[in-house]
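Comments concern the structure below.
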Amino acid sequence: AWFKDPALTRVFTLLNADGGEGRVVGGAVRNSLMGLAVNDIDIATTLTPEEVIARAAAAGVKAVPTGVAHGTVTLVIDGKPFEVTTLRADVETDGRRAKVAFSSDWQTDAERRDLTINALYVDAKGEVIDMVGGLADIDKRNIRFIGDAATRVGEDYLRILRFFRFFAYYGSGRPDADGLRACASARANLKRLSAERVWSELRKLLSAEDPGRALLWMRQVGVLSEVLPETEKWGIDAIPALIGTEKALGWKPDPLLRLAAIVPPDAHRLEKMATRLKLANAEAAWFKAWAEAPVINDELSSAAFARLLYRHGTVGIQARLKLALATARGKAEGDMQEMARSARLSRLLGLAQDWKKPQFPINGGDVLDAGMPAGKQVGETLAALEEFWVEEAFTPDRAALLARLNDLIR
Ligand code: ATP
Ligand code: MG
């Protein structure tokens, strides 16, 4: 269906006139051959970015110069983006990212890509063009570097992580032996990559339906501890139970929760991890909330648990509960105690998910209005009142609290 999209037809019409050519490449081709959903459509073309922009302008098509230096122009048709990139050839590399030059040779463009399954093209007629043996690897779900694995890894060490990422999503059986060996030998160079590229790849890997096998192999060959030394302490044993629980309970894959399952909840180390990997602020905040959340007694009453949620927020507590629940469920088969524990944790998690933080109905202005002189006692009095209100299960209303405030002041 994606191939019949009139918007894509327009892209082809635009690029294929006057000796130019465009072909779909990469993820869209790979996924459709595997019978999987196609997300974004990348196009390779013999035209230069300037030519693409000029043709788009002449045809009244919106063109956004999203990466002209690397040859990429994004065409937007019917609101859909198409990343159109000029054919490229590697000219040199320092292992951190290949420097590329524009080219008009399809074979060269295919050979500078990373994996065979990612270097297939589909032309305007819908014909698949395979110059690197990618079709056979698609059939076998074999994740394999194009050409000599060690050379390809040496050109861009990010390919180590991409190898495992694509294995997590599309691989079957054991990872390709040459690829595995090349990744293992070059693993120390991962430190030289920019944090942004590493985390972006890791986040994708951790978002796979089941990243478990890929993580096992990464650990096996020493790649995991290069990028996530935090995982050395506990290993990755918690992953299968988490994935099983996600599936059973319909949780959507959460790369942060998966990472939390394999690193210790140590606020200081996690802060260092966030800095090293340059996590987004929201991601770093999530880890902080998780690490700082209290250990939860699963036998807490609803009232006591509500107080905990009010004081600590729901984000970190939910993460704690989900991981505890996954662990309990992992051990629950035939174990009545763990089964009962799972049920109690599920109940608390339900409460946390439905939690709406109640609004404390009194503020500093009320304390001043009640006749207390400005000063630090205002804050202290307010805090004491709030404490009382929380302990009373958030039930005292504004009038009751004002009455108590008057008593306190007198
Ligand atoms: P998805 O978008 O589903 O993650 P994709 O295959 O489109 O998968 P991208 O990261 O978007 O992956 O890259 C697009 C294409 O560019 C890849 O299919 C691959 O051919 C090539 N490519 C991307 N990164 C590299 C790299 N580091 N080295 C060599 N080729 C790469
Ligand atoms: Mg893509």
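Looking at GLU51, is it of a type in the set (D, E, K, R) and either away from ligand 2 (no atom under 16 Å from the Cβ) or more than 28 Å from the chain's Cα centre (by Cα) (or both)?
yes
Given the options THR116, THR108, name the one that is among the hydroxyl-bearing types (Ser, Thr, Tyr), closer than 30 Å to PRO255 by Cβ and either more than 16 Å from ligand 2 (Cβ to nearest atom) or at pLDDT 95 or above (or both).
The conditions single out THR116.
Scan ARG187, ARG219, ARG269 and give me the residue that is under 19 Å from GLY330 (Cβ atoms), more than 16 Å from ligand 2 (Cβ to nearest atom) and more than 17 Å from the chain's Cα centre (by Cα).
Details: ARG187 fails: under 19 Å from GLY330 (Cβ atoms); ARG269 fails: under 19 Å from GLY330 (Cβ atoms).
Criteria check complete, one pass: ARG219.
Does the range 354-367 hold any residues that are loosely packed, with under 13 Cβ neighbours inside 10 Å and over 28 Å from PHE305 (Cβ atoms), and which are they? Even if it seems obvious, please write down each step before you answer.
Narrowing the range 354-367 to residues loosely packed, with under 13 Cβ neighbours inside 10 Å: 354, 356-357, 359, 363, 365.
Result: GLY365, single match.
Quick one: how many residues across the range 143-192 are of a type in the set (Asp, Glu) and in contact with a Ser or Thr (Cβ under 6 Å, 6 or more places away or on another chain)?
Selection size over the range 143-192: 1.
Residue under question is LEU279, and the condition is that it be surrounded by 14 or more Cβ atoms within 10 Å (Cβ to Cβ), at pLDDT 95 or above and in a helix (DSSP H, G or I); does it hold?
Answer is no for this residue.
Filter the range 4-34 down to the residues that are surrounded by fewer than 16 Cβ atoms within 10 Å (Cβ to Cβ) and within 16 Å of ligand 2 (Cβ to nearest atom) and list them by number.
Of everything in the range 4-34, just one residue is surrounded by fewer than 16 Cβ atoms within 10 Å (Cβ to Cβ) and within 16 Å of ligand 2 (Cβ to nearest atom), namely MET34.
Test THR85 against the criterion of being on the phi < 0 side of the Ramachandran plot, within 13 Å of ligand 1 (Cβ to nearest atom), buried (at least 17 other Cβ atoms within 10 Å of the Cβ) and among the β-branched types (Val, Ile, Thr), and give yes or no. Talk me through it step by step, then tell me what you get.
Details: on the phi < 0 side of the Ramachandran plot: yes; within 13 Å of ligand 1 (Cβ to nearest atom): yes; buried (at least 17 other Cβ atoms within 10 Å of the Cβ): yes; among the β-branched types (Val, Ile, Thr): yes.
It is true that THR85 is on the phi < 0 side of the Ramachandran plot, within 13 Å of ligand 1 (Cβ to nearest atom), buried (at least 17 other Cβ atoms within 10 Å of the Cβ) and among the β-branched types (Val, Ile, Thr).
Taking into account only those residues within the range 35-71 that are surrounded by fewer than 20 Cβ atoms within 10 Å (Cβ to Cβ) and within 11 Å of ligand 1 (Cβ to nearest atom), which is farthest from ILE143 (Cα to Cα)?
HIS70
Output the residue which, of all residues in the range 104-132 that are free of Cβ contacts under 8 Å to residues at least 24 places away in the same chain and within 14 Å of ligand 1 (Cβ to nearest atom), is surrounded by the fewest Cβ atoms within 10 Å (Cβ to Cβ).
First, the residues of the range 104-132 that are free of Cβ contacts under 8 Å to residues at least 24 places away in the same chain: 105, 108, 125, 127, 130, 132.
Then keep just the ones that are within 14 Å of ligand 1 (Cβ to nearest atom); that gives 108, 130, 132.
On the way: THR108: 15, ASP130: 17, VAL132: 21.
Per the stated criteria, the residue is THR108.
Filter the helices (runs of 4 or more DSSP H) completely within the range 332-410 down to those with at least 3 residues that are in contact (Cβ under 8 Å) with a residue 60 or more places away in the chain.
none
When you look at LYS233, is it exposed (fewer than 13 other Cβ atoms within 10 Å of the Cβ) and under 29 Å from ARG181 (Cα atoms), yes or no?
Here the answer is yes, as LYS233 does meet what is asked.
If I ask for residues that are over 24 Å from ALA89 (Cβ atoms) and either buried (at least 20 other Cβ atoms within 10 Å of the Cβ) or within 12 Å of ligand 1 (Cβ to nearest atom) (or both), which ones from the range 144-180 would you list? Show your work before the answer.
First, the residues of the range 144-180 that are over 24 Å from ALA89 (Cβ atoms): 164-165, 167-177, 180.
PHE164, ARG165, PHE167, ALA168, TYR169, TYR170, GLY171, PRO175, ASP176, LEU180 - these are the residues of the range 144-180 that are over 24 Å from ALA89 (Cβ atoms) and either buried (at least 20 other Cβ atoms within 10 Å of the Cβ) or within 12 Å of ligand 1 (Cβ to nearest atom) (or both).
Could you list, in sequence order, the residues of the range 227-258 that are within 19 Å of the chain's Cα centre (by Cα) and under 22 Å from ILE160 (Cα atoms)?
Within the range 227-258, VAL227, LEU228, PRO229, GLU230, THR231, ILE236, ILE239, PRO255, LEU256, ARG258 meet the criteria.
May I ask you to say which residue of ASP137, ASP90, ASP130, ASP94 is in contact with an Asp or Glu (Cβ under 7 Å, 6 or more places away or on another chain), closer than 28 Å to ALA186 by Cβ and not small (Gly, Ala, Ser)? Before you say what the answer is, go through the steps one by one.
Values: ASP137 fails: in contact with an Asp or Glu (Cβ under 7 Å, 6 or more places away or on another chain); ASP130 fails: in contact with an Asp or Glu (Cβ under 7 Å, 6 or more places away or on another chain); ASP94 fails: in contact with an Asp or Glu (Cβ under 7 Å, 6 or more places away or on another chain).
Criteria check complete, one pass: ASP90.
Going by the conditions given, is ARG344 more than 20 Å from TRP286 (Cβ to Cβ) and not assigned by TED's automatic domain parsing to the domain that holds LEU401? Before you say what the answer is, go through the steps one by one.
Details: more than 20 Å from TRP286 (Cβ to Cβ): yes; not assigned by TED's automatic domain parsing to the domain that holds LEU401: yes.
In short, yes.
The values are calculated or read from the model by the stated rules, or taken from the named source; none is laboratory data. All figures in this text were calculated on a predicted structure; none of them were measured in a lab. With ideal geometry, Cβ positions are generated from the backbone for all residues, glycine too; neighbour counts draw on all protein chains shown.
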